[in-house]
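Take a look at the structure set out below.
The values are calculated or read from the model by the stated rules, or taken from the named source; none is laboratory data. Please read all numbers here as calculations on a predicted model, not as lab measurements. Ideal geometry is used to build each Cβ from the backbone, glycine not excepted, and the neighbour counts take in all protein chains shown.
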Amino acid sequence: MSKWLLDRLFEVKDQAVPRFAFQGTINWMRGLAEIINNDSCCCDEELRSLYSNVQRRAANREADTFVFENMLMAYHNVAALGSIVTDIQDKYDTIRSAIISWYYAIYFSSSAMVAAASGSVHETHTSTAKVWHADIVENHLLPYPFNLYLTSLVTKKVDIEIEEYRESNIYDLNTYPSNIDQAHGAIISYLKGTAEYKKWEMEIRVKSSREFKDLGVSDFRKKVARELRDKYLDKGMVNFLIQAFRYRGKANYRDSIFLSYGDDNEEKIEQFTQDLMDVTNAFVRAASFYSSKRVENGAWNEFVTDIENNSQLSIDVDVLKT
């Protein structure tokens with residue numbers, strides 16, 4: 001069958017092949033959900049254990065308010081995604097909206113964790129991801145599979161860390177996960193892919209810098225150029241929030257056509273929306289457990305009770321209860 005629009009897109013841009021773009025998008029979320037639904041890592045008992053040693057921070061009413069505000073926004077996006085899962089018959093119609101709701105539930109939850117950790121407030125997604133990395137990720141305050149991260153974007157260091165995560169696992173994003181091993185392989189593959197993408201972004205920025213131009217080179221073939229590039233790459237990192245940001249951009253901006261055009265994948269789209277919901281609930285639960293340990297004693301229960309009494313959203317508050 002002719003694909004007129006796809007052909008036109010290939011004429012004017014570096015267009016992703018829809019089949020492969022769809023496969024990577026679906027399989028990463030399937031892997032995350034497979035782990036969450038078949039492992040005890042995100043259950044309430046494990047979350048209580050993970051955060052059992054988290055100490056309540058010094059009273060900071062303003063920071064606590066920011067925690068509650070962001071968790072409300074996360075909760076609202078959970079509700080939006082829940083309505084898509086349960087009330088929308090044709091999931092194709094809302095698939096991009098589902099991904100956006102998924103992302104913002106993750107983002108606002110992460111912002112709440114940052115405020116709960118250090119009391120800091122950040123206005124951009126990039127700065128939030130960096131501080132979240134320092135406050136939460138590097139302090140091992142996330143359950144698997146959200147806790148995987150890379151400490152650098154230098155290829156040799158990335159390869160070493162990826163191999164440590166992968167061990168003998170042979171699976172990648174080409175396999176639609178149906179068990180824990182396949183799921184782990186898929187999420188490691190996406191982690192590496194995100195590192196490669198962030199490296200590409202950094203190389204573009206380095207090439208536009210005065211330092212690079214002063215070298216009188218056009219690429220990274222010479223040692224001095226590679227050293228300059230690697231100096232910047234070594235400051236980079238990858239964590240779950242950075243992966244989520246890339247994922248949202250891929251679905252909402254870069255690969256405009258792959259989610260709802262061409263081959264009929266209705267069954268996988270149905271499962272995909274449920275996977276988005278399952279991953280969202282697990283992440284928001286983790287953020288709730290952590291944040292409840294950091295805010296003023298008793299304030300979390302007051303927050304949840306207030307939402308239960310005053311929210312006009314259709315879902316219950318179980319995702320916020322700890």
Being of a type in the set (Lys, Arg) and in a loop (DSSP other than H, G, I, E, B) is true for just one of Arg30, Arg57. Which residue is that? Arg57
Condition first: more than 25 Å from the chain's Cα centre (by Cα) and not aliphatic (A, V, I, L, M). Now tell me which residues in region 1-52 satisfy that. Ser2, Lys3, Trp4, Asp7, Arg8, Phe10, Glu11, Lys13
Would you confirm whether or not region 33-50 contains a residue that is farther than 24 Å from Asn139 by Cα, surrounded by fewer than 19 Cβ atoms within 10 Å (Cβ to Cβ) and in contact with an Asp or Glu (Cβ under 8 Å, 6 or more places away or on another chain)? yes
Given the conditions (1) in contact with a Lys or Arg (Cβ under 9 Å, 6 or more places away or on another chain); (2) surrounded by fewer than 18 Cβ atoms within 10 Å (Cβ to Cβ); (3) closer than 24 Å to Ser101 by Cβ; (4) at pLDDT 95 or above, and given that Gln312 satisfies all but one, which numbered condition is not satisfied? (1)
Check whether at least one residue in region 195-215 is part of a helix (DSSP H, G or I) and among the small types (Gly, Ala, Ser), and report yes or no. yes
Picking from Phe245, Phe220, which residue would you name as being surrounded by 13 or more Cβ atoms within 10 Å (Cβ to Cβ), out of contact with any strand residue (DSSP E or B) (no Cβ under 9 Å at 6 or more places or on another chain), outside the structural domain of Glu34 (by TED's automatic domain parsing) and more than 19 Å from Ser101 (Cα to Cα)? Phe220
Identify all residues within region 178-194 that are in a helix (DSSP H, G or I) and either touching a Lys or Arg at 6+ places or on another chain (Cβ under 6 Å) or small (Gly, Ala, Ser) (or both); write none if there are none. Ala183, Gly185, Ala186, Ile188, Ser189, Gly193, Thr194
Could you tell me whether region 99-109 includes any residue that is in contact with a His (Cβ under 8 Å, 6 or more places away or on another chain), crowded, with 19+ Cβ neighbours inside 10 Å, assigned by TED's automatic domain parsing to the domain that holds Asn139 and within 16 Å of Thr128 (Cα to Cα)? yes
As an exercise: evaluate Leu313 against (1) within 23 Å of the chain's Cα centre (by Cα); (2) outside any helix (DSSP H, G or I); (3) under 23 Å from Thr86 (Cα atoms) and give the number of the one condition it does not meet. (1)
Can you name the condition, by its number, that Phe272 falls short on among (1) surrounded by 20 or more Cβ atoms within 10 Å (Cβ to Cβ); (2) in the same structural domain as Lys213 (by TED's automatic domain parsing); (3) not charged (D, E, K, R)? (2)
Please find, within region 39-54, the residue that is farthest from Ile307 (Cα to Cα) out of those that are assigned to a helix (DSSP H, G or I) and without any contact (Cβ under 8 Å) to a residue 24 or more places away in the chain. Ser49
Restricting to region 60-96, give me the number of residues that are in a helix (DSSP H, G or I) and under 18 Å from Ser314 (Cα atoms). 17
Regarding region 192-214, can at least one residue be identified that is more than 30 Å from Asn53 (Cα to Cα) and touching an Asp or Glu at 6+ places or on another chain (Cβ under 7 Å)? no
So for region 201-213 (the condition being among the polar types (S, T, N, Q), over 16 Å from Thr126 (Cβ atoms), over 18 Å from the mean Cα position of the chain (by Cα) and outside the structural domain of Ile136 (by TED's automatic domain parsing)), does at least one residue qualify? yes
Please go through region 216-262 and pick out each residue that is of a type in the set (A, V, I, L, M, F, W, C), assigned to a helix (DSSP H, G or I), within 16 Å of Trp200 (Cβ to Cβ) and within 18 Å of the chain's Cα centre (by Cα). Ile242, Phe245
